[in-house]
Structures are given as C-alpha cells and as structure tokens.
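Undergrad: A single structure is presented below for examination.
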Amino acid sequence: MCYDLLESVENENLMDILFSDEATFHVCGKMHRHNSRIWAYEEPHEVSEWERDTPKVNVWLGMTNAKLYGPFFFAERSITGNIYLNMLELILEPQLQEDGILDAVVFQQDGAPPHFAHIVRDYLNRTFPGRWIGRGSPRLWASRSPDLTPLDFFAWGYIKFKVYTSKVNGLPELRNRIREATGQITVEMLQSTFRSTTERWSMCFDLDGGHVERH
C-alpha cells in the first residue's frame, strides 16, 4: 500500500488528498484506544480514570494540506451508513464544490463499517470516480494503521490535548473546545503534517510494513 501511495505522490500528485476520520470525545476526557496509543518496549502501567456512561459526542474531521473541513458533530450516538452518507452529501460536498476542488481532490477514509456501506461506496464512486482511497476502492487503505494517517498520528491527539487541559462542564462546552482547538491548527501545521505523512509511508515501506512509531 505504501509503495503504491508513494508512487502516486510522485506520478499523480496524490497529495491533493483529503484525509478523513471520526473520533469520540467524552465530557470526562475518556480516551478511545483507537485514537490514543502508547508505544513502548515495556508496559507503561498507564492509568486512566473516567465516569461511567459519561456524555459524549462523535466528531468527523477532514484534512487537506491547506485546509481543515469540520469539525462536524453527529447528533446520533452511533454512526450508520445512512448518517455518514448524509454528512458527505449535505455538509462536505457543498464545501468542496465551493472551494473548487470537488472534481480534483482524492478522498481517503478508513474501513469502518459505516464507510463500507453499499450506499456510501456507490456515492464515492459517483462523486470521486477513481479518486478515493479505502476499503472497497481500487486503492486500498490498510486496516489498523494509525501511524500512517495524519488525523490519527497528529490531529486527534493535538485537539484532545487542547480540549482536556481542564475539566469540561457539559456537552456544549465540549463542542466549543473542540471547535477552538481545531481552529488553532494552522496551514503551516497542515503542510508540515503532510510532509511527515509521506515520510511515514516511506519508513513503513522500508520497514516492510513495521510500525513507524517504534523508530
């Protein structure tokens, strides 16, 4: 996968790409293990404490090397294919059309079940013909690869660090903090992150698929 991506960066200007992902934010600051990992040679004995059944919000974010799209807050507690498709059609597509990149940008998503729904894949094939990356597309994205996508190795960690600097008092404040933290990500930070992304792909290829965080 990384070899294909690096070849496409060189030959197809693949870095005209929109990375996308969802994350869950809890009022108490509970971290989802998918977005919070510890790389170590020994068990770190890390301890996290949270309240049971704390209020939470599911957030979608898109990232190009020049702009962030979102955050978009899902009203529903769980995301289905229909809910995800509505977000793409009603929120993301008009913004890409307004920015003049709908017919050029490459859309990336991971293999989460809502992303793999038939209605979602049909939409992506119509809207981004030959220009989307993910499960079920001609150009696949490896599962369980948070060290290779900038939202996982940079954006979510940065935003959660900013959000949870102090106790959050309720969902409205949580949403406001997420918006404020997202707004602090500059174009220079995006460009630096994209350079790091290609470096990680190259390292992954050199390491024969090994985790780049360990090096």
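The values are calculated or read from the model by the stated rules, or taken from the named source; none is laboratory data. Remember, predicted model here, so these are calculated numbers, not experimental data. Positions of Cβ are backbone-derived with ideal geometry, glycine not excepted, and every protein chain shown enters the neighbour counts. To get the accessible areas, we keep the full protein, side chains included, count just its heavy atoms, and leave off ligands, DNA and RNA. Shrake-Rupley method; radii C 1.70, N 1.55, O 1.52, S 1.80 Å.
Undergrad: Rolling a 1.4 angstrom probe over the protein heavy atoms, how many square angstrom per residue are accessible across region 87-215?
TA: Details: 6640 Å² over 129 residues.
Each residue of region 87-215 exposes 51 Å² on average to a 1.4 Å probe.
Undergrad: A further question follows. Counting other Cβ atoms within 10 Å of each Cβ, which trypsin sites (Lys or Arg not before Pro) in region 52-87 have at most 10 and sit in a DSSP loop? Before the final figure, lay out the partial values.
TA: Details: sites: 52, 56, 67, 77; in loops: 52, 67, 77.
Answer in residue order: 52, 77.
Undergrad: Heavy-atom accessible area of residue 110 with all protein chains present, probe 1.4 Å, nearest 10 Å²?
TA: 40
Undergrad: Same structure again: Using the Cα centre of the chain as the reference point, and only Cβ charges (+1 on K/R, -1 on D/E), how large is the resulting charge dipole? Debye, rounded to the nearest 20.
TA: On the way: 22 positive and 30 negative charges, 138 e Å.
In total the dipole reaches around 660 debye.
Undergrad: When the chain is treated as a GNM, springs tying every alpha-carbon pair under 10 Å, which of 98, 188, 22 comes out with the largest mean-square fluctuation?
TA: Most flexible of the set in this elastic network: 98.
Undergrad: Considering only DSSP states other than H, G, I, E and B, which trypsin sites (Lys or Arg not before Pro) in region 133-215 qualify as loop sites with at most 12 other Cβ atoms within 10 Å? If you can, show how the numbers build up before the last one.
TA: Numbers: sites: 135, 139, 144, 160, 162, 167, 175, 177, 179, 195, 200, 214; in loops: 135, 144, 167.
Answer by residue number: 144, 167.
Undergrad: Something else about it: Where Rh is the Kirkwood radius over the Cα pairs of region 51-148, the temperature 4 °C and the viscosity 1.567 mPa s, what D in µm²/s does Stokes-Einstein return? All intermediate terms of the calculation are to be shown ahead of the outcome.
TA: Working: Rh = 14.5 Å.
Roughly 89 µm²/s, to the nearest whole number.
Undergrad: Given an 8 Å cut-off on Cα distances and at least 6 residues of separation, report the relative contact order of the chain as a percent.
TA: Relative CO of the chain lands at 27 percent.
Undergrad: Oh, and also: Select from 133, 154, 5 the residue farthest towards the positive end of the dipole of the chain; place +1 on Cβ of Lys and Arg, -1 on Cβ of Asp and Glu, and compute about the Cα centre.
TA: 154
Undergrad: Moving on to the next point. Within the chain, which is the longest segment containing none of the chymotrypsin sites (Phe, Trp or Tyr not before Pro) that sit in a DSSP loop and have at most 12 other Cβ atoms within 10 Å? Spell out each step's value before the answer.
TA: On the way: sites that count: 39, 41, 50.
Maximal segment without exposed cleavage sites: 51-215.
Undergrad: Would you please classify the overall shape of region 94-184 from the alpha carbon gyration tensor, given that a ≥ b ≥ c denote the square roots of the eigenvalues, rounded means a/c under 1.5, and beyond that prolate means a/b larger than b/c while oblate covers the rest? Before the final figure, lay out each step's value.
TA: Details: a/c = 2.29, a/b = 1.76, b/c = 1.30.
Prolate, since a/c reaches 1.5 and a/b exceeds b/c.
Undergrad: OK, next. Leaving out ligands, DNA and RNA, and with a 1.4 Å probe, what % of the accessible surface on region 48-111 is carbon or sulfur? Don't jump to the answer; show the numbers that get you there.
TA: Details: 1550 of 3370 Å².
Roughly 46 percent of what the probe reaches on region 48-111 is carbon or sulfur.
Undergrad: Here is a follow-up. Mean residue ellipticity at 222 nm from the helices of the chain, using -39,500 (n - 2.57) per DSSP H segment of n ≥ 4 over the full residue count, to the nearest 500 deg cm²/dmol? Walk me through the numbers before you get to the answer.
TA: Values: 7 runs with 75 residues, N = 215.
The helix-only estimate for the chain comes to -10500 deg cm²/dmol at 222 nm.
Undergrad: Let me ask something else. Leaving ligands, DNA and RNA out of it, work out the accessible area of residue 213 with a 1.4 Å probe and give it in Å² to the nearest 10.
TA: 70
Undergrad: Once the Cα gyration tensor of the chain is diagonalised, what are the square roots of 5 times its eigenvalues, in whole Å and ordered largest first, as equivalent ellipsoid semi-axes?
TA: Equivalent-ellipsoid dimensions as semi-axes: 27, 23, 16 Å.
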